Structure formats: structure tokens, C-alpha cells
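First the structure, in the form of C-alpha cells, and then the observations on it.
The values are calculated or read from the model by the stated rules, or taken from the named source; none is laboratory data. Just so you know, these numbers come straight off a predicted model, no measurement behind them. Don't worry about glycine lacking a Cβ; one is built from the backbone with ideal geometry, like all the others, and counts go over all protein chains shown. Calculation scope for accessible area: heavy atoms of the full protein, side chains included, ligands and nucleic acids excluded. Shrake-Rupley method; radii C 1.70, N 1.55, O 1.52, S 1.80 Å.
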Amino acid sequence: MDSKLRKMTILSSIAIILLVALLVLYTNRNGEPGRPTPQPESTRTEEPGELSDKQGSGQIGNNLSAFLQDNTFFDPEINPILEAAMDNSNRLSLVVTSVEKDLRIQIVDMSGNPVAGESFFVELEGLGEYKDLDTDGIIYIGDLASGDYYVKLQPIDGYRVPENETRVHVKDKVEYVAIDDISLLIKTEADIDAEAEDSGVADALEDADRTEIKKLQNVTGNSHVGIDVSKWNGDIDWDRVRNAGVEFAIIRAGYRGSVTGSLVEDPYFAANIKGATASGIPVGVYFFTQAVNEVEAVEEASAVLRLVKEYNLDYPIFIDTEGAGGNGRADGLDVESRTLVCEAFCRTIENAGYRAGVYGSRNWYNNNLYTDRLDNDYYIWLAEYRSVPLYQGYYQMWQYTSKGSVDGISGNVDMNISYY
């Protein structure tokens, strides 16, 4: 926290204290609601030492702004209330979690937000000190043996740190359970270089042929026609979309950055899911992964679960396993590692009570995943841009074009058929 932000925090605390003080004084002056208005008192002057029967029952004096003329009121060394407010604004605490043989230590302020811009040190009992090298308020320690550890934040100028150590248990294996404090890791695009981080490449485009259908198809039986959208589709008129015949929408909740690995909320996620549901369109969500192991897959699933917490979903939560142009942090994963990532994501989603699925192109399923470990347990969303898919595996949803057109959306939109 820089000095400017710290001053703003202190001033905000002072403003709240002053507001409460003024309200109390105003209430005392005017009496309690419903009580009769006090009648004028006698003008008799009390003798020295005589105790007034009004004393202790309300305000003495009627100058509500007298404290402004008190030079000591804003002096934290004299005013204990102000001193406490300033003290709390600089107080830090630790949030420590473990997924598998690791620790994530987050240094947070009184509002629970990571404190960036400082070179924090923590001491892990028996293992020495660890530094917040990128000054983002988060220290990650991997390759730890399972067991109990004690973490202590080292003193730093301008802050009050916890006096006691924090005890945490390092887990031996991934439990596929959502991380409670994952919200501290979810960033917005204002926090990152979105152009570099959001670099997913649709592998299905390379496999498309001239038979690709680019309009809403007519479906029969239990099939439904729908779309999937993200920030790339811009502002959407969802009433017009519904009236155009769209029966469901899969909305991107976010993505993991392909460079830094940051968890990022899609800037249009909230607007899209609120707009679609308000128009009566059933929804599901997806998340673009760049996880390189099961731990990161649990993080991604936890982020999605946090983002959808306020909404009702009609369709599954999908992990999007596209590549990122060859330079993404997860593009070089082997088939086993990528399959484990998908399994860890889906198991975490299902353990939270939601349905889970995997999105990929025909080539991606054939070459980059062990589909026999996925299609029996999770929903498969196939991307193949031709009139009749060539994919031989089992799937419940088919994305048949990325060049569709729907009233209410500017430009191209992905179109799908659901066979649920």
C-alpha cells in the first residue's frame, strides 16, 4: 500500500468516526423519536456546586461543531479514537491455504485485499525466509512435505504485523475442493495486459470445411440451438437474441492468463449472465484454461464457482482446453498432464454440486486428451465446423460454427446444438 493510498484510508476512517459522532450529537440534541419536545427550562441560575437534573441526560451545550475548534481532536497522540483508526488502517493479516504440498500466503489489509507494492518477507519455521518477489501481496511456496507449518510475517515499516505465528496444514494430495479465499486471486483486465494474456486460439478453425453451417439450425426432439459468448461479442441485446430463436447460452466466466497465469474475470461476464437470465434464456458457463497441473485446475474451478455463486445455471460448467497459439504456458503439456487438469477441474466443479464438462475441437480430443477418461463422467462439448462432424467419440453439445449471425449481436458468434 503506497503512502497516498494509506492517507486516503486514514482520512476515510476519520470521516466515518466524525459522521458517527455528529449523528450521536444530533440525536442527543433532538431527543428520541416519539418523545415529547422538551419545554423551555427556567432561567434560574444554578448555585455553584449544585447538580442540574438535566446533567447526564443529553448534550451539554448546543454547538455541534465545537470539535472543529479543538486543535487536539485530530492529533492521534492525544485522541485515542483517531489513533485507533489510524492503527487499524495499517494493520496486516495473513491468509494461508494449501492445495497439494504447497502454501499460498496472502498478505491482506483490514478489508481482506492483498497489499501490493511492498517487499514482504515471511518466515516458515524450520525452512527460513521467503520474499514477495513480484510485490503482489502473495507468496507461493511449493514442493513442501505434508504436515503442520508455522508462518510469521516479518516486520515492515509503516505497518502493524500479526504478533503470533499462523499455523497451517500442508495437504498431501489434491482434494478437489473449492478454495475458499480464491476471490483474492481473481483479477480484472485493468490489472493485467489483456492483449498478451487473453490469447486463446480456436483450433477448430484449422479443421473447418466448406460445408460449415453459419445460421441457427432448425432442431427437433430434445435438441436445442444456442450460442456461446465472451467479451469478444461486445454489448448484447438479449431480448432480441431470444426473439431470434436462441434457446440457451454458454457464457465465458473468465480465463487464466497465458503468460503470467493470472485468474481473470471476463469483463462482460456479469452483464452477459444477467442479461441472458433476465431474458429467460437458460445459461451455462465456460473457463479458458492455461493450468499446468492439478493444483492450478482446482484454482480455476474455484474461481468459476466464486463467479457463478450468485446465479442459477441450467447448463454445465465447462473447461475450455484450447491452445494459446503455441506460446501459452500450458501449450506444451503432454496428454496425461492435460487430461489430469481437465479431471481435476471437473471433479472440483462436481464436488460443489454443479455439472461439469470439457470443451475441445475434434483434433484436440484426438491428439491432446485421453477422452476415454472424460466422456463417461463429464459432458463433452465438441467444436467441429462442418455440416456433419467426423469425430467418432461421444458428445452432448456440438459447436458447429464460429461465424454465425444472430439478431442482437454485432459480428460473428459461435453457434451450438445441445443434445441433453
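Brief remarks on what is shown
- For the range 298-420, the calculated P(r), taken from all Cα-Cα distances in 10 Å bins from zero up to the bin holding the longest distance, is 12, 40, 37, 10, 0 percent.
- Violating pairs (Cα-Cα greater than 25 angstrom) within the set Lys231/Lys309; Lys187/Lys231; Lys187/Lys309; Lys101/Lys152; Lys309/Lys403; Lys131/Lys187: Lys309/Lys403
- Compared with the alpha-carbon gap, the fully stretched path from Arg91 to Asn164 is longer by 24.9 nm at 0.36 nm per residue.
- Across the range 254-261, rounded Karplus estimates of 3J(HN,Hα) from the backbone phi angles (6.51 cos²θ - 1.76 cosθ + 1.60, θ = phi - 60°) give x, 7, 9, x, 6, 9, 8, x Hz, Gly and Pro being marked x.
- Rounded if a/c under 1.5, otherwise prolate or oblate - the range 128-196, Cα gyration tensor axes: oblate
- A 1.4 Å probe run over the range 164-285, with the rest of the protein chains in place, finds 50 Å² accessible per residue.
- Residues Ile250, Ile186 ordered from highest to lowest accessible area at a 1.4 Å probe: Ile186, Ile250.
- Extension gain for Tyr370-Asp334 works out to 11.9 nm (0.36 nm per residue, less the C-alpha to C-alpha distance).
- Where the range 320-420 is the region considered: accessible area per residue in Å², 1.4 Å probe: 40
- Normalised Debye scattering of the range 82-196 at q = 0.11, 0.13, 0.16 Å⁻¹ gives log10 I(q)/I(0) of -0.39, -0.54, -0.80, counting only Cα atoms as equal scatterers and leaving out solvent.
- Neighbour-limited loop hits for GluC sites (Glu not before Pro), the range 259-316 (at most 11 other Cβ within 10 Å; DSSP other than H, G, I, E, B): Glu310
- Loop-located trypsin sites (Lys or Arg not before Pro) in the range 249-350 (DSSP state other than H, G, I, E, B) with a sparse environment of at most 15 neighbouring Cβ atoms within 10 Å: Lys309.
- Whole-Hz ³J(HN,Hα) from phi, Karplus 6.51 cos²θ - 1.76 cosθ + 1.60, for the range 354-369, glycine and proline x: 10, 7, 10, x, 10, 10, x, 7, 4, 5, 5, 5, 6, 10, 10, 9
- Prolate/oblate/rounded call for the range 223-337, Cα gyration tensor, a/c under 1.5 rounded: prolate
- Of the GluC sites (Glu not before Pro) found in the range 145-199, those in coil by DSSP whose Cβ has at most 16 other Cβ atoms within 10 Å are Glu163, Glu165, Glu175.
- For Asp239, the solvent-accessible surface with a 1.4 Å probe is about 80 Å², rounded to the nearest 10.
- Whole-percent carbon and sulfur share, accessible surface of the range 119-176, 1.4 Å: 44
- Net lengthening on full extension, Asn113/Asp181 (0.36 nm per residue, minus Cα-Cα): 23.4 nm
- Distance between modelled label sites at Leu205 and Asp191, nm, 7 Å Cα→Cβ extension: 2.9
- Sulfur and carbon atoms: percent of accessible area, the range 312-414 [1.4 Å]: 37
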